[in-house]
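Taking it in order: structure first as structure tokens, then the write-up.
The values are calculated or read from the model by the stated rules, or taken from the named source; none is laboratory data. This structure is a prediction, so every number in the text was calculated from the model and none was measured. Virtual Cβ from ideal backbone geometry, glycine too; neighbours counted across all protein chains shown. Heads up: the accessible areas ignore ligands, DNA and RNA and are worked out on the full protein's heavy atoms, side chains in. Shrake-Rupley method; radii C 1.70, N 1.55, O 1.52, S 1.80 Å.
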Amino acid sequence: MVERTSATVAGALALVSPGQPLRDGLERVLLANRGALIVVGDGADVLSICTGGFLLDAEFTPQRLSELAKLDGAIIVSADAGRIARANVHLMPNPSIPTSETGTRHRTAERMARSIDVPVISVSASMGVVTVYRGEAKHVLQSATRLHERVGQALQTLERFRQRLDAAVGTLSALEMHDTVTLRDVTAVLQPAELAVRIADEIDSELVELGDDARLLRLQLDELLEGVGPVRRLVVRDYMRAGPGPSPGAGSPVADDVGRGSARSGLEHALQALARLSTDELLEPRRVAAALGLAPAQLDLDTSLEPRGYRLLHRLPRFPEAVINGIVEHFTGLQKIMRASVGELEEVAGVGETRARSVKDGLARLAEATILDRYS
């Protein structure tokens, strides 16, 4: 699973995003074919492992950074990169800290970042790359042009998966209404949903590096991803293996709380199991089905399944989560909910006559809409 860029790394990348003074200075250093080692932070913890150099306390400008890079030592700038504190400094991180780097400048940068929680930037003259270190994280900067190309391609891929997901969700809704859902139909929704979330995580990491230049791209990403997470969650909730029932007095408030807690735990467990699947595993419907916690006998893709009804009830307007949970727990299946009379629905706590009629009318409208969509 691709993890979103952490807040600390995101903050470091924001300082070196295109258009920022620090990024302009780094590009000047590269154009001059020079190397540099820059520590973003001039607190006491940083200064405690520095020696030599000279105090500047001057306003930061890209030109000054480029000129100071002619010196051998490191450059210390303030935490907001607004001032240059010191230059030509010798850094002395703990040499026992492990590092995967080979070059002297990069080894020092990685050890500094692991010693103190500040961004450390290494500019390689020989390779022409800029690397940002923060804690255990390491990020090689890319050009703005390359980032835009990568994000554009990823957004196109995400759009295709979103179209595939929307079609699969429409099909699933129609099949749920007719009680003809198979395990294959469920995995056909979960596969593009999970892939879409992963692609969005990758795009998000790229957008962090683009900084302010990413505003329009982020709007496009948010639009494509809208509703994907809730659909994935509700489909898993509808079809995952039911947990063991509560032992104390079924139907009592204590038992209901235990049951809900078990369901929440099972939902998170299933979502985590999906997230742990590799991309290749995610393309195998049986591996996706296994993440739902179903018994081995139920992993035949043609096995018939009935949804609990969470997803379709969430499509009804102005229905609180507690009411939806109560309806599902009372009837334990979508077909029973659809066949229930207004009077039977009123028996559920929190469902009066008005809401009971809304359930009946709303599900009827959804049934008509799914039939029209399927055959139009």
Residue check, Glu149 more than 23 Å from Ala32 (Cα to Cα), without any contact (Cβ under 8 Å) to a residue 24 or more places away in the chain and acidic (Asp, Glu): yes
For the subset of the stretch 108-137 comprising residues that are among the hydrophobic types (A, V, I, L, M, F, W, C) and assigned to a loop (DSSP other than H, G, I, E, B), which member is surrounded by the most Cβ atoms within 10 Å (Cβ to Cβ)? Val118
Tell me which residues, restricted to the stretch 29-61, are in a helix (DSSP H, G or I) and under 19 Å from Gly103 (Cβ atoms). Val29, Leu30
Scan the stretch 71-83 residue by residue and report those that are surrounded by 15 or more Cβ atoms within 10 Å (Cβ to Cβ) and more than 13 Å from Ala36 (Cα to Cα). Ser78, Ala79, Ala81, Arg83
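Let's see how each residue does on (1) modelled with pLDDT of 95 or more; (2) under 12 Å from Leu190 (Cα atoms):
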{"position": "Leu224", "(1), (2)": "yes, no"}
{"position": "Val228", "(1), (2)": "yes, yes"}
{"position": "Pro246", "(1), (2)": "no, no"}
{"position": "Gly249", "(1), (2)": "no, no"}
{"position": "Gly259", "(1), (2)": "no, no"}
Can you tell me which residues in the stretch 21-50 are touching a strand residue (DSSP E or B) at 6+ places or on another chain (Cβ under 7 Å) and either open to solvent by 60 Å² or more (accessible area, probe 1.4 Å) or farther than 14 Å from Asn88 by Cβ (or both)? Leu26, Val29, Leu30, Val40, Asp42, Val46, Ile49
Test each condition in (1) in a helix (DSSP H, G or I); (2) out of contact with any Ser or Thr (no Cβ under 7 Å at 6 or more places or on another chain) for Glu306 and report the one that comes out false. (1)
Residue pairs qualifying under the 8 Å Cβ cut-off, at least six apart or on distinct chains, with the first in the stretch 111-139 being without any contact (Cβ under 8 Å) to a residue 40 or more places away in the chain and closer than 25 Å to Ala44 by Cβ and the second being acidic (Asp, Glu) and assigned to a loop (DSSP other than H, G, I, E, B), are Arg114/Glu136
Check the stretch 292-305 and report whether any residue there is more than 32 Å from the chain's Cα centre (by Cα), open to solvent by 20 Å² or more (accessible area, probe 1.4 Å) and free of Cβ contacts under 8 Å to residues at least 24 places away in the same chain. yes
Residue set Arg4, Arg64, Arg86, Arg105; condition modelled with pLDDT of 95 or more, outside any strand (DSSP E or B) and open to solvent by 20 Å² or more (accessible area, probe 1.4 Å); output residue Arg64
